[in-house]
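Have a look at the structure below before the remarks.
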Amino acid sequence: MKGRQLHIGLCLTETWLQGREPNDAERSEQQRDPTGFYIRLAQAAERAKLDFVFKPDVLAMRRGKSGTAPSFVGLDLTVLLAAIATATHRIGLVTTASTTFNPPYVVARQIQTLHWVSNGRAAWNIVTSIEGAENFGDAPMPPAPERYRKAAEFTDLVRSLWQSYPHAALDNKAQPAALNHRGEFFSVKGPLNVPGHASGPPPLFQAGASEIGRDFAASVADATFASTPDMGAALDLRNDLRIRAQKHGRTDAPRVLPGLYFFLAKTREEAVAMHRRAHAHLTKEQRLDAVKTILGLDLSHLKPNARVTADLLQFDDRTVRSRTHADLLRRHIQNNEPLLEDLLARPEVVGSAHWVSVGTVEDVAVDIVKWFEAGAIDGFIALPGGSLESLRLFLEELVPLLVRQGLFRQDYDGETLRAHLRLGSQA
């Protein structure tokens, strides 16, 4: 494989249902056979030669949009990915495990086992968790500084446990070694009773966005999931992580893989309509607040059929959330003077913290190429929006388009996730 190419992962969470309850067919498919449901998604991602599949996790019950019906958060991820491993051959498998509630020895053993079951395709998404404390005792959720101190010790310990029983020991070229670790949070003797894999240790993923989170990611992560609503935010993050990584003595930096929440359709009009349906649950007040946050512009006095004219932009020209979103929204108002109801449906207004792209396969590909060539990203996590058709178009048309443009692999050139991410074995 020549030249710099995209790293692409697929989020297995049903992002195409965001903003609406699943219909009976969608609900029954997942709840009747959840393992098969996720296996089929992973197999489709593997046919497209994606680097990995990933799924976030929570350790508490979550409710659906109605607030009454439980949402099907999913099975234990490491166990689920072990099942997916037996039904796939090349695609990477990124599990999520919390450093706040789990014992390091158990996490090290489970992920190293997944690494063996998948023949070198496992990775660990390190999370400190922000909820679920009530399910692990009576103590409240620790504050962020404590959670990240614990995460740093936990991660160092897991890596040391992986190293404590090296792969070379299987050929009597090395011996497992005790750790005798005693730290602020953990005491572990070791060694781990699962040997290292020939491909090297599982890669580490992390998604810290705060100052302390960025510093932690820069110190340990091979890749970072990112919420970057615009290209400027992505450029800032990638540059910041490089600087922080150097301060930690690293010669590389985490690969920046933002979530790309896309709405794909055969026509732009269909994609825009799908985007609108996915955000129909947002109230007018929430949308007006978003405009005020982006432009500092209070439009609450206007009627839905009133036009938002360019002269209104003279009042307050602050950008609080996203410079790119502000510029896009400002130009749209200047060029089109839209009806208020149309303005409030714009992606810049209803978009999440993630990068949002709405349009045809070609439209979204242009967005991806622009970000990649600008050096803002190393790849992205696919978050299909609106419908399963968005996912199908992504896997069957958009990814092949990126292949034809020389920005993504035509076929796997390695068998492990470290090979897909071009990390080297570190065995």
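The values are calculated or read from the model by the stated rules, or taken from the named source; none is laboratory data. All values derive from a computational prediction rather than experimental measurement. Here Cβ is always computed from backbone atoms with ideal geometry, including for glycine, and neighbour counts include all displayed protein chains. These accessible areas exclude ligands, DNA and RNA; they are computed on the full protein's heavy atoms, side chains included. Shrake-Rupley method; radii C 1.70, N 1.55, O 1.52, S 1.80 Å.
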Mind giving me the FRET efficiency for THR309 and ALA198? R0 is 56 Å, r the Cβ-Cβ distance, nearest 0.05 is fine. 0.30
Quote to one decimal, in nm, the extra length available between GLU131 and GLU373 on full extension: 0.36 nm per residue of separation minus the C-alpha distance between them. 83.4 nm
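ALA178 to ALA353: extension gain in nm, 0.36 nm per residue of separation minus the Cα-Cα distance? The partial results should precede the final answer.
Numbers: separation 175, 0.36 × 175 = 63.00 nm, distance 4.40 nm.
Length difference between fully extended and current span is 58.6 nm.
Counting pairs of alpha carbon atoms under 8 Å apart in space and at least six apart in sequence, what relative contact order in percent does region 329-427 give?
14 percent.
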Beta bridges by DSSP in the chain, antiparallel share as percent, to the nearest 5: 10 percent
Once all protein chains are kept in place, LEU391 shows an accessible area at probe 1.4 Å, nearest 10 Å², of 10 Å²
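For ASP51, ASP215, what's the largest-to-smallest order of accessible area, 1.4 Å probe?
Details: ASP51 0, ASP215 60 Å².
Ranking ASP51, ASP215 by accessible area, largest first, yields ASP215, ASP51.
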Within-13-Å neighbourhood charge of LEU401 [Cβ basis; K, R +1; D, E -1]: -4
Mean accessible surface per residue for the chain, computed with a 1.4 Å probe while every protein chain stays in place, in Å²: 46 Å²
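Which percent of the accessible area of region 203-340 is formed by carbon and sulfur heavy atoms (probe 1.4 angstrom)?
On the way: 3330 of 6780 Å².
Here carbon and sulfur together make up 49 percent of the probe-accessible area.
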Candidate lysines - alpha carbon under 21 Å from LYS292, same-chain residues fewer than 8 apart omitted: LYS284, LYS303
Reachable lysines from LYS370, criterion Cα separation under 26 angstrom, eight or more residues apart if same chain: LYS2, LYS49, LYS266
Within region 329-355: backbone nitrogen closer than 20 Å to the SER227 label point (7 Å, Cα to C-beta): 346-355
With 0.36 nm assigned to each residue of separation and the Cα-Cα distance removed, SER187 to HIS248 gains 19.5 nm
per DSSP, antiparallel bridges as share of beta bridges in region 175-318, % nearest 5, sits at 25 percent
Obtain the nm distance between the two label points defined at ASN239 and LEU339 by a simple spin-label model: each point lies 7 Å from its Cα along the Cα-to-C-beta direction. 4.2 nm
Points 7 angstrom from Cα along the Cβ direction at PHE101 and ARG268: gap in nanometres? 4.5 nm
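For LEU388 and LYS284, FRET efficiency with R0 = 22 Å and r from the beta-carbon atoms, rounded to 0.05? Write out the running numbers ahead of the final one.
Numbers: r = 29 Å, r/R0 = 1.32.
Working from the Cβ atoms, E equals 0.15.
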Most mobile listed residue (ARG47, ARG331, ARG242) in the chain, GNM with C-alpha springs under 10 Å: ARG331
Mean Cα-pair separation over length for the chain, i.e. relative contact order, pairs under 8 Å, 6 or more apart, %: 21 percent
Among HIS275, HIS301, HIS332: highest mean-square fluctuation, GNM of the chain, C-alpha pairs under 10 Å: HIS301
